[in-house]
Amino acid sequence: MGRGKIEIKKIENPTNRQVTYSKRRNGIFKKAQELTVLCDAKVSLIMFSNTNKFHEYISPSTTTKKIYDQYQKALGIDLWSAQYEKMQEQLRKLTDINHKLKKEIRQRIGEDLNELSIDHLRVLEQNMTEALNGVRGRKYHVIKTQTDTYKKKVRSLEERHGNLWMEYEAKMEDPRYGFVESEGDYESAAALVNGASNLYAFRLHQGHHHHHPNLHLAGGFGPHDLRLP
């Protein structure tokens, strides 16, 4: 039995459409390859699926550019001239813009002013004044921001210093940590450690004067003569 005729119309099911495209694309590429081998033909095929996937076949004996050149020569047309002219026109516009910008930059630094009329000079002066005001405003904004930041840091350091000083005074008033006045049979000394955060009182007992060689009558205390209360 022969194969039935297939109605040629768009396949609505996306999956079936993609499967059919892949099968028929491979079939066409196979035919193009057979033409290349059997007939020594130069074949070029370019295909885009409905999802914009690009597929191409080109005979090994040629390139896509050679095929296009041969096509233009056979028909006597130039596929690139219109696009080339558009590119040249765009290049001319960009060159003019670049030249004007360079000239404007030179005028803003005081060069190439001889050709300017009084009206152009006034406009240039106004533009430079506005630009200067913008730069000056930005400078003052940066200075203010930095000043505010430094003020916050200073206030933070002052607050920290005040807290440390209050802690220091509180411990000075506490006999367990502060200086102990000379009373009865001992004298006191204070040692400040860990960045003024801890205070300790040391007491020297006079009963040990004759047992410790580190004690000097001149009023100095040796390291063995100090005790924590």
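List the lysines whose Cα sits under 28 Å from the Cα of LYS103, skipping any in the same chain fewer than 8 residues away.
Cross-link targets: LYS86, LYS93, LYS139.
Sequence neighbours fewer than 8 away in the same chain don't count; with that in mind, list the lysines whose C-alpha is under 29 Å from LYS23.
List returned: LYS5, LYS9, LYS10, LYS31, LYS42, LYS53, LYS65, LYS66.
Could you compute the FRET efficiency for GLN83 and ARG136, with r as their C-beta to C-beta distance and R0 at 41 Å, rounded to 0.05?
On the way: r = 49 Å, r/R0 = 1.19.
Step by step, r from the Cβ atoms, then E = 0.25.
Kindly provide the pair-distance distribution of region 14-77 built from C-alpha pairs, with 5 Å bins from 0 and whole-percent values in order of increasing distance.
Taking every Cα pair in region 14-77, the percentages come to 4, 16, 22, 20, 17, 12, 7, 3, 0.
Under a crude label model (7 Å from the Cα following the beta-carbon direction), how far is THR15 from LEU45 in nanometres?
About 2.6 nm, to one decimal.
Accessible area per residue, 1.4 Å probe, Å², for region 118-174: what's the number?
Values: 5110 Å² over 57 residues.
With all protein chains present, region 118-174 gives 90 Å² per residue.
Leaving out ligands and nucleic acids, and using a 1.4 Å probe, what accessible area per residue does region 14-77 come to in Å²? Could the numbers behind the result be given before it?
Values: 4880 Å² over 64 residues.
Using a 1.4 Å probe on heavy atoms only, each residue of region 14-77 averages 76 Å².
With just the Cα atoms defining each centre, how far is region 127-158 from region 31-92? Give it in Å.
Here the answer is 62 Å between Cα centres.
Provide the gained length on full extension for the span LYS5 to LEU35, in nm with one decimal, where the gain is 0.36 nm per separating residue minus the Cα-Cα distance. Provide the component values of the computation, followed by the final result.
Numbers: separation 30, 0.36 × 30 = 10.80 nm, distance 2.62 nm.
My answer for the length gained is 8.2 nm.
Let's see if you can work this out: charge +1 on each Lys and Arg Cβ, -1 on each Asp and Glu Cβ, no other charges. What is the dipole magnitude of region 14-77 about its Cα centre, in debye to the nearest 20? All intermediate terms of the calculation are to be shown ahead of the outcome.
Details: 11 positive and 4 negative charges, 48 e Å.
The calculation lands at about 220 debye.
First measure r as the distance between the Cβ atoms of LYS102 and GLN146, then evaluate 1/(1 + (r/R0)^6) with R0 = 41 Å and state the FRET efficiency to the nearest 0.05.
Details: r = 35 Å, r/R0 = 0.85.
Once the sixth-power term is evaluated, E becomes 0.70.
Whole-Å semi-axes of region 1-114's equivalent ellipsoid, largest first, each the root of 5 times a Cα gyration tensor eigenvalue?
Working: eigenvalues 543, 99, 28 Å².
Semi-axes (√(5λ), whole Å): 52, 22, 12.
The values are calculated or read from the model by the stated rules, or taken from the named source; none is laboratory data. Computed from a predicted model, the values in this text were never measured in an experiment. Positions of Cβ are backbone-derived with ideal geometry, glycine not excepted, and every protein chain shown enters the neighbour counts. Calculation scope for accessible area: heavy atoms of the full protein, side chains included, ligands and nucleic acids excluded. Shrake-Rupley method; radii C 1.70, N 1.55, O 1.52, S 1.80 Å.
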